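One structure is given here, and the rest of the page talks about it.
The values are calculated or read from the model by the stated rules, or taken from the named source; none is laboratory data. Owing to the predicted nature of the structure, the values given are computational and were not obtained by experimental measurement. Heads up, the Cβs are rebuilt from the backbone with ideal geometry, glycines too, and the neighbour counts pull from every protein chain shown. Quick note on the areas: whole protein, heavy atoms, side chains included, nothing else; ligands and nucleic acids left out. Shrake-Rupley method; radii C 1.70, N 1.55, O 1.52, S 1.80 Å.
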Amino acid sequence: MIESIINSDKAELTQNTKKGAPVVLSTRVRLARNLVDAPFPERANMAQRSDLMARCANQIADLSQMKNGAFFDVAELSDLERQVLLERHLISRELCDSQSGSGVFINKDQTCSVMINEEDHLRIQFLKTGFSLRSVWKQIDRFDSSLENELDLAFSSEFGYLTACPTNLGTGLRASVMLHLPGLVISNNMDKVIRAVNQLGITVRGLFGEGSDATGHVFQISNQQTLGESEEEILSRLASVFKTIIDHEINARFKYLEENCACLLDQIGRAFGVLKNAYVLNSNEAMNLLSLMRLAVDLEMLPEVNRSDIDRLFIECQPGHIQYVAGEGIEADARDLCRAKTLREEFVQLPALDFDKVNKLG
Amino acid sequence: MSENLKCSHCNKPATVHLTQIVNNKIIKVDLCESCAQAKGVTDSEGYSLADLLSKTNLTLEKGEARIACPDCGLTTADFRRTGRLGCAACYRSFVTLLQPVLEDMHAGTAHKGKIPKVALSRQTSMAKLNDLENALHRAIAEEAYEDAAKFRDEIQACKKAAEYEAIQS
């Protein structure tokens, strides 16, 4: 069912070649919205869930932003298909595990997805590669307003948008960036950063959200609080925290490079060798090797044009993607062979690492 | 003083005493050496009591009133167990329970963000239309035809305004 998603040549996270940036992989904003006249999904019976899904699906399908988009009924997706959508950050783990009467709309370039009957009736998400909180907010705000023209949303003047969980109450807004922070991890400063931003009401999680670990040195950082501040206030507070973290990451890299230049270059060189030649690679190891390759692009050891290839491989080397492409249901061992093969084929096409530029820096 | 205090986690004698200001409230916690280590409390730079307390946010007081939401039937116990509400009306039903929870959870307890103006004005005008139609039916039943004519005109004006708004948006 999801071939169009996998094979798309316009998908934002895997095919966008223009806007990659050091440190920041992508920006996402999501809004939680509910309809006024139906119980929240967890409390609704089957008939109410189906009715709500049909009502919302009709309205969403008509929106211009969803032109040529696709709708998937979660009940009709296989476990593997759900996992692929999860790995592309188009649906959440909660939607994967949901009972029937849930679905998701995904627009053509996979920048927008709307989950129906997740924790809330509607979870709208917009994402973009690189750091662009403002423009993503503008897009989702416009989308939300056009939805409001058609649907009666649950709203109170005191508490704002009403949500199933009080943690999302008010704006219903969760904005996050995916940051690549090898410098802070290698220099053992990540724990300190996590504790410091927690104090500011900001959460740090791994690549796949709650409970996932930070393989590939990739972290998802987002606001925790949604009530008591306007969207503008939340976004500008977040933006300044993100910028501070990015500065710290760059500093950590320079410092590490100053003190351990040979060691770091050796690590990058060996990672490149492994990616080009390994025969068996599990997902964890692949993520960590790819992390070093992204760092190599930042250090100009690999051409900037290859950044998007590496970002794409971060997603395409996830277990679900490897298995989906292999076709048959294959075991973890066989997956590790497929993953290594994919990576060999990709990396053999890259030019040799340019160590000279970094040596000049150091 | 410290001899009398017990660790709030394991009841061993407490040797670490913390005071922090979270959301303008002074919060004190006493911990023994090993619990303090385990929680990372000894690192004074980055430790937050808010994290330690966050798990207890949703645990509500004993002996509180038993409420059930008239719209969806959610009870206080349901809310305490899941931390989630059942429907939009729950926010009215459980407002007294929610207030302290929201204070701990968020930057404030009043919404300062976006307002769905179109949806709200549509909801208000639908409610008004509904009232007028009821009044019209009543007037006809009571044979108060002058009133009925007045309500009919008002309904037409109301519908026209709604159409105009729809075109504008």
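Overview of results
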{"quantity": "Filter pass, A:ALA70 being in contact with a Leu (Cβ under 8 Å, 6 or more places away or on another chain) and not polar (S, T, N, Q)", "calculated": "no"}
{"quantity": "Positions within the stretch A:3-62 being among the hydrophobic types (A, V, I, L, M, F, W, C), open to solvent by 20 Å² or more (accessible area, probe 1.4 Å) and in a loop (DSSP other than H, G, I, E, B), in sequence order", "calculated": "A:ALA21, A:VAL36"}
{"quantity": "Positions within the stretch A:63-88 being surrounded by fewer than 15 Cβ atoms within 10 Å (Cβ to Cβ) and either of a type in the set (Phe, Trp, Tyr) or outside any helix (DSSP H, G or I) (or both), in sequence order", "calculated": "A:LYS67, A:ASN68, A:SER78"}
{"quantity": "Selection from the stretch A:197-209 of residues that are open to solvent by less than 50 Å² (accessible area, probe 1.4 Å) and either within 14 Å of chain B (Cβ to nearest Cβ) or within 22 Å of A:GLU229 (Cα to Cα) (or both)", "calculated": "A:VAL197, A:ASN198, A:GLY201, A:ILE202, A:THR203, A:VAL204"}
{"quantity": "Residue pairs meeting the criteria (Cβ under 7 Å; at least 6 apart or on separate chains; first within 7 Å of chain B (Cβ to nearest Cβ), in the stretch A:135-151; second of a type in the set (Ser, Thr, Tyr))", "calculated": "A:ASN149/B:SER169"}
{"quantity": "A:GLU118 within 25 Å of A:PHE314 (Cβ to Cβ), open to solvent by 20 Å² or more (accessible area, probe 1.4 Å), touching a residue at least 24 places away in the same chain (Cβ under 8 Å) and among the acidic types (Asp, Glu)", "calculated": "no"}
{"quantity": "Enumeration of residues in the stretch B:109-150 that are more than 30 Å from A:GLU148 (Cβ to Cβ) and either assigned to a helix (DSSP H, G or I) or touching a residue at least 60 places away in the same chain (Cβ under 8 Å) (or both)", "calculated": "B:HIS137, B:ARG138, B:ALA139, B:ILE140, B:ALA141, B:TYR145, B:GLU146, B:ASP147, B:ALA148, B:ALA149, B:LYS150"}
{"quantity": "Residues located in the stretch B:94-108, provided they are open to solvent by 30 Å² or more (accessible area, probe 1.4 Å) and more than 7 Å from chain A (Cβ to nearest Cβ)", "calculated": "B:VAL95, B:THR96, B:GLN99, B:PRO100, B:GLU103, B:ASP104"}
{"quantity": "Count of the stretch A:175-196 residues which are open to solvent by 10 Å² or more (accessible area, probe 1.4 Å), within 14 Å of chain B (Cβ to nearest Cβ) and touching a helix residue (DSSP H, G or I) at 6+ places or on another chain (Cβ under 7 Å)", "calculated": "3"}
{"quantity": "Whichever residue in the stretch A:35-51 is free of Cβ contacts under 8 Å to residues at least 60 places away in the same chain and within 22 Å of B:GLN123 (Cα to Cα) and, among such residues, is nearest to the other protein chains (Cβ to nearest Cβ)", "calculated": "A:PRO39"}
